[in-house]
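Below is one structure, written out as structure tokens; the observations come after it.
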């Protein structure tokens, strides 16, 4: 996240200890060397174009609402990657899971409980296949999934 300070992993010096993203160096405006996160340009191969575009549209929306947005943020304490993490101006974190593909009931419950145990608010937003089948957005859990 933008507000955490980069902490370089001594075992892997080109990696941020906190979020595991690649860390690079450059000379800052004051002439001192500064560390920064490499921009994320690669996407997971398993994500559809529709999923990637949907996350980007959501990110743009939340940025307009003055949230700091991180897409595909790794949460080391949970050992999982959230589709999107929002930070409000008050510093409150919210996880957004943008779900296009079918997912099992057990997977939704497990991920939701994991976020809640870490005191993170989580919201599931349906897209992709769900939008074609539902007349309006809602989340219904059954043993067959969402």
Problem - Using a Förster distance of 35 Å, the FRET efficiency for residue 79-residue 123 (Cβ separation, nearest 0.05) - result: 0.95
Handout entry: Extension reserve of the residue 57-residue 35 stretch, reckoned as 0.36 nm per residue once the Cα distance is removed
Key = 5.0 nm
Handout entry: Förster radius 35 Å - calculated FRET efficiency between residue 22 and residue 105, Cβ distance, rounded to 0.05
Key = 0.45
Handout entry: For the range 56-131, the fraction of alpha-carbon pairs in successive 10 Å shells from zero, as %
Key = 18, 52, 27, 2
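Bear in mind that the values in this text are calculations on the coordinates, not laboratory data. Computed from a predicted structure; not experimentally measured. Cβ coordinates were reconstructed from backbone atoms using ideal geometry, including for glycine residues, and neighbour counts include every protein chain displayed.
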